[in-house]
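A short worksheet on the structure shown next.
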Amino acid sequence: MLPDLMYGADVFQTPELRTKMKILHAVNKSLDKITIAEICENAGISRQTFYRHFESKYDIPWWYSIFCRQFYLN
């Protein structure tokens with residue numbers, strides 16, 4: 001779920017978004033070549049935390065594109 005951006009909330013300070021951005025930035029090679037374990041190690045999070053935010057590593061770019069679209073359109 002994306003935070004509501006219409007009411008002026010500082011969206012970049014929410015714990016959910018901060019964790020998702022850490023995960024996004026932890027992907028340093030092709031999704032086909034990186035494992036979830038590597039993503040978690042790079043982000044400094046547990047696998048449980050990863051799966052709390054994403055169902056699979058392939059959901060990361062999908063989430064980011066939706067987030068950017070909502071953020072820039074609002």
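Every number in this text was worked out from the coordinates using simple rules, so none of it is lab data. No experiment lies behind these values; they were computed from the predicted model shown. Neighbour counts are summed over all protein chains in view; Cβ atoms, including those assigned to glycine, are modelled from backbone coordinates with ideal geometry.
Brief remarks on what is shown
- Cα→Cβ-extended label distance, 7 Å offset, between THR14 and SER46, nm: 2.3
- Cα gyration tensor category, rounded, prolate or oblate, for the stretch 21-73 with a/c compared to 1.5: prolate
- In nm, spacing of pseudo-spin labels at ARG69 and GLU38 (7 Å Cα→C-beta vector): 2.9
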